[in-house]
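Taken together, the values in this text are just the output of simple stated rules run on the coordinates, not laboratory data. Predicted, not measured: the structure shown is a model, and the values here were computed from it. Here the Cβ is made from the backbone with ideal geometry for all residues, glycine too, and neighbour counts use every protein chain on show.
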Amino acid sequence: MSTASDLADHFKVTNGKSFKLKDWNTSDTLDHDDKSRAEQALAGGVQRLAELQDKLYADDQWSLLLIFQAMDAAGKDGTIKHVMSGVNPQGCQVYSFKKPSHEDIDHDFLWRTTKCLPERGRIGIFNRSYYEEALVVKVHPDILAGQRLPPSRETMHIWNERYESFNDFEKHLDRNGTIVRKFFLNVGKDEQKDRFLKRIDDPNRNWKFSTADSAERGHWDEYQDAYQDLIQATATKHAPWYVVPADNKWFTRVVVSAAIIDALESLDLKYPTVSVAQKAELAKARAMLDGEGKRKKR
């Protein structure tokens, strides 16, 4: 398998001006067709990620925000579960954002996610995010009508204004030590259909399926256009998008793992340096503990 940086870079978008979603293959595996080898690479990635997360926590200067967006059944939950399986739960926070509450709607559209940002030393994961405000809301304009914006603020430029808000917000986060990495799990329409059918046919998976999922599938082309517009407008060097092929879950997980590792390794994380005075205190503590052992032997 490629190095983390090489693999991640293949799916990285830092300038969306020429981005066309149709050019990105949903079943691409970069000729890495050996599933068992990929799973071994993921296991190694999980271990490396655990090491880096431990340093991130100890270093206590940076934080990492991971944003996952996708069509239904693209594998967001499974990707988060497998890639983050080795991370210390104390250093990782996961938030899922569904339909906004009345309290959410009474605030600006960034409010409900802003209050869930990771503290320094931690990894924050958004399963869907503020980007829903230019995806599902764009596909379903009636949702926008229910947000009670002042008429003078609901203009024909509202989507470009929201893209601008996303970019300004992520630039602010980056300037303050929160690294942002965004993942669009790019599943094909045929693969989504197969996964829906498995959820319907398998009683143990019935709970995963909702009739709303099939209804949203009817807006497939609109969502594809919305994602393309979004990535074109919000892919930046400091907050890139990774357009990850999602038809093969095992490959999706390897790519996401590689991108997270690459982001953390770029921070040159280190454990805190112990001062001379602190070392003296440690030596004193050791002497006291050694003394306890000698007293017991008597």
What ranking of Asp28, Asp247 emerges when the number of other C-beta atoms within 10 Å of each C-beta is taken as an exposure proxy, fewest first? Asp28, Asp247
Would you mind computing the Rg to Rh ratio of the stretch 216-298 from its alpha-carbon coordinates, Kirkwood style for Rh? 1.42
Protection proxy ranking, peptides 135-145, 253-263, 177-187, average beta carbon neighbours within 10 Å, highest first: 253-263, 177-187, 135-145
Pop the C-beta distance of Ile143 and Leu289 into the FRET formula with R0 = 41 Å and round what comes out to the nearest 0.05. 0.10
From the C-alpha coordinates alone, can you work out the Kirkwood hydrodynamic radius of the stretch 1-65, in Å? 14.6
Hey, rough spin-label estimate for Asp221 and Thr155, points 7 angstrom out along Cα→Cβ, what's it come to in nanometres? 3.1
If R0 = 22 Å, then Asp60 and His238, at their Cβ-Cβ distance, give a FRET efficiency to the nearest 0.05 of 0.55
Convert each backbone phi in the stretch 264-281 into a coupling constant with the Karplus relation 6.51 cos²θ - 1.76 cosθ + 1.60 (shift: θ = phi - 60°), then list the ³J(HN,Hα) values in order as whole Hz, x for Gly and Pro. 5, 5, 5, 8, 6, 5, 9, 6, x, 7, 8, 6, 4, 5, 5, 5, 5, 5
Which residue, chosen from Gln147, Val87, Ser5, occupies the Cα position most advanced towards the positive end of the dipole of the stretch 4-297, where the dipole is computed from +1 (Lys, Arg) and -1 (Asp, Glu) charges on Cβ about the Cα centre? Val87
Tell me which residues come under 5 Å, amide H to amide H, from Phe183 once H is placed; ignore anything under 5 positions away on its chain. Ile67, Phe68, Gln69, Tyr242
What helix-only [θ] at 222 nm does the chain give? Using -39500 (n - 2.57) per DSSP H run of at least 4, over all residues, to the nearest 500, the answer is -15000 deg cm²/dmol
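Mind checking the full-extension length gain between Asp34 and Asn204? Use 0.36 nm per residue of separation minus the Cα-Cα distance, one decimal, nm.
Gain on extension, Asp34 to Asn204, equals 58.3 nm.
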Furthest towards positive pole of dipole, Leu52, Ala259, Met156, structure part the stretch 4-297, Cβ charges: Leu52
Compactness of the stretch 4-297, expressed as Rg and Dmax over alpha-carbon positions, Å: 22.2, 82
For labels at Glu265 and Lys279 in the simple 7 Å Cα→Cβ model, what's the distance in nm? 3.1
Least to most buried among Met156, Met84, Met71, Met288 (fewest other Cβ within 10 Å first): Met156, Met288, Met84, Met71
Across the stretch 159-176, in residue order, what do the Karplus-derived ³J(HN,Hα) couplings come to in whole Hz, using 6.51 cos²θ - 1.76 cosθ + 1.60 with θ = phi - 60° and x for Gly and Pro? 6, 4, 5, 5, 4, 4, 5, 4, 5, 4, 5, 6, 5, 4, 4, 4, 5, 10
Given charges of +1 on the Cβ of Lys and Arg and -1 on the Cβ of Asp and Glu, with all other atoms neutral, how large is the dipole of the stretch 139-298 about its Cα centre, in debye to the nearest 20? 1800
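Run through every distinct alpha carbon pair of the stretch 66-142 and return the Kirkwood hydrodynamic radius in angstroms, one decimal place.
Kirkwood hydrodynamic radius for the stretch 66-142: 13.7 Å.
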Nearest 0.05, what FRET efficiency do His172 and Ser18 give at R0 = 45 Å with Cβ-Cβ as r? 0.95
Quick one: length gained pulling Asp104 to Leu197 fully straight, 0.36 nm per residue minus the C-alpha distance? 30.1 nm
In degrees, nearest 10, the alpha-carbon axis of helix 35-59 is tilted away from the dominant principal axis of the alpha carbons of the chain by 60
By its C-alpha gyration tensor, with a ≥ b ≥ c as the square roots of the eigenvalues, how is the stretch 142-257 shaped: rounded for a/c under 1.5, else prolate for a/b larger than b/c, else oblate? oblate
Rounded to the nearest angstrom and ordered from largest down, what semi-axes does the equivalent ellipsoid of the stretch 1-113 get from its C-alpha gyration tensor (root of 5λ)? 27, 23, 15
If each part is reduced to its alpha-carbon centroid, the stretch 220-298 and the stretch 27-101 end up apart, in Å, by 10
